[in-house]
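Readers should treat all values here as calculations from the given coordinates under stated rules, not as data from a laboratory. Computed from a predicted model, the values in this text were never measured in an experiment. Neighbour counts run over all protein chains shown; Cβ positions are idealised from the backbone, glycine included.
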Amino acid sequence: MGYNIDPEREQCSVPDKRHRTFFTYKVIDGVKLKLYFVPPTRDVYDKAPVIVNYPGGGFSSCVIADYHRILTTEYPDIYDAGFATVTVQYRTTAEHSANMDQIMSDCADALRFLSRYSDILGVDAQNIITFGHSAGATAALLMAYAPHSIMDADNYYPEYDFRVCGAFAMSPRPRYGNSDNKILFPRNGMTGKWSAVNYVGNGGVPCKVLMGREDELIDPSLVAEFKAACDRGGVPCEVVWFENADHGYHSVNGREVVPNYDKTRATIISFAKGCVGR
């Protein structure tokens with residue numbers, strides 16, 4: 001087909017059945033990147049829509065074991081509702097000196113891997129809901145709104161594509177500035193390229209954003225700006241503001257966090273159901 005396929009791709013996993021396991025979805029510069037796949041426990045759809053979980057950590061760390069445990073232990077109803085889940089490992093600034101071009105290419109290539117093996121895994125790569133906290137939430141928004149053409153820095157799975165039908169983003173950074181991390185953004189113009197707010201001007205899929213009013217790591221005004229851009233562009237966007245809450249939704253100065261964080265986070269299931277088939 002004329003594609004320039006990276007020879008390291010041949011070192012990746014080749015799924016032969018639908019089961020709960022780790023897959024190597026990408027090998028790049030000798031680095032093996034994995035995703036953790038969990039199928040639904042009940043077949044509700046012809047092919048299972050997928051909730052894709054991107055770990056947080058400021059793009060300096062990515063520990064997928066901690067994050068897939070959250071889904072499998074705290075959200076068992078996801079699987080009974082007919083959804084598969086995937087937790088994605090990507091390159092980081094600390095371990096791999098990776099920049100946003102490389103990291104977002106990894107995040108997209110994990111979804112292209114799902115598309116490549118959608119029949120074997122029984123998943124629907126046209127109905128993906130992205131999910132994450134902090135850096136993971138930033139990736140979730142970019143996967144939902146940014147053009148896929150800017151996510152192919154490695155030209156890894158160019159013949160496969162995917163569709164995100166919704167994004168559930170907890171404490172995202174929807175805009176970067178020129179003073180942000182120079183490893184992530186080594187060149188002028190990269191901050192705008194990887195600011196999700198720049199891609200919601202012409203419609204798009206639904207998103208739900210959770211944000212603490214007292215977030216000490218990400219300026220809450222950035223989420224307000226993102227919400228305003230979604231409203232102007234006709235993007236269905238709900239922002240849930242947590243009063244008296246910091247970046248991790250913990251209480252500030254002992255004051256009560258309102259609304260209840262655990263109950264709100266659990267709405268990922270009803271949100272995902274509403275996105276499928278849109």
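Please state which one of Arg18, Arg9 is closer than 27 Å to Pro147 by Cα, of a type in the set (Lys, Arg) and over 20 Å from the mean Cα position of the chain (by Cα). Step through it out loud before you land on a result.
On the way: Arg18 fails: closer than 27 Å to Pro147 by Cα.
Result of the check over Arg18, Arg9: Arg9.
Please indicate, with yes or no, whether at least one residue in the stretch 116-124 is touching a strand residue (DSSP E or B) at 6+ places or on another chain (Cβ under 8 Å) and of a type in the set (Val, Ile, Thr). Checking the stretch 116-124: at least one residue is touching a strand residue (DSSP E or B) at 6+ places or on another chain (Cβ under 8 Å) and of a type in the set (Val, Ile, Thr). Can you work out which of the residues in the stretch 225-243 that are farther than 17 Å from His133 by Cβ, in contact (Cβ under 8 Å) with a residue 12 or more places away in the chain and not charged (D, E, K, R) is surrounded by the most Cβ atoms within 10 Å (Cβ to Cβ)? Of everything passing the filter in the stretch 225-243, Cys230 is surrounded by the most Cβ atoms within 10 Å (Cβ to Cβ).
Here's the yes/no breakdown for (1) free of Cβ contacts under 8 Å to residues at least 12 places away in the same chain; (2) closer than 26 Å to Ile268 by Cβ; (3) touching a Pro at 6+ places or on another chain (Cβ under 7 Å):
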| site | (1), (2), (3) |
| --- | --- |
| Ser171 | no, yes, no |
| Pro174 | no, yes, no |
| Gly177 | no, no, no |
| Asn181 | no, no, no |
| Leu184 | no, no, no |
| Thr191 | no, no, no |
| Ser195 | no, yes, yes |
| Gly203 | no, yes, no |
| Cys207 | no, yes, no |
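Pairs are defined by a Cβ separation below 8 Å, a sequence spacing of at least 6 or placement on different chains, a first member in the stretch 147-160 that is touching a residue at least 60 places away in the same chain (Cβ under 8 Å) and surrounded by 13 or more Cβ atoms within 10 Å (Cβ to Cβ), and a second member that is part of a helix (DSSP H, G or I) and polar (S, T, N, Q); the pairs so defined are Asp154/Gln102; Asp154/Ser105; Tyr156/Ser105; Tyr157/Ser115. Out of curiosity, is Gly212 in contact (Cβ under 8 Å) with a residue 40 or more places away in the chain, more than 27 Å from Asp106 (Cα to Cα), in contact with a strand residue (DSSP E or B) (Cβ under 6 Å, 6 or more places away or on another chain) and not aliphatic (A, V, I, L, M)? Against the criterion (in contact (Cβ under 8 Å) with a residue 40 or more places away in the chain, more than 27 Å from Asp106 (Cα to Cα), in contact with a strand residue (DSSP E or B) (Cβ under 6 Å, 6 or more places away or on another chain) and not aliphatic (A, V, I, L, M)), Gly212 qualifies.
Contact annotation: residue pairs with Cβ atoms under 6 Å, 6 or more positions apart or on different chains, pairing a residue in the stretch 38-53 that is surrounded by 13 or more Cβ atoms within 10 Å (Cβ to Cβ) with a partner that is among the charged types (D, E, K, R), are Val38/Arg20; Pro39/Arg18; Thr41/Asp80; Lys47/Asp124; Pro49/Asp124. Of all residues in the stretch 59-90, those satisfying the criterion of being within 17 Å of Ala140 (Cα to Cα), touching a residue at least 24 places away in the same chain (Cβ under 8 Å) and surrounded by fewer than 16 Cβ atoms within 10 Å (Cβ to Cβ) are Ser60, Ser61.
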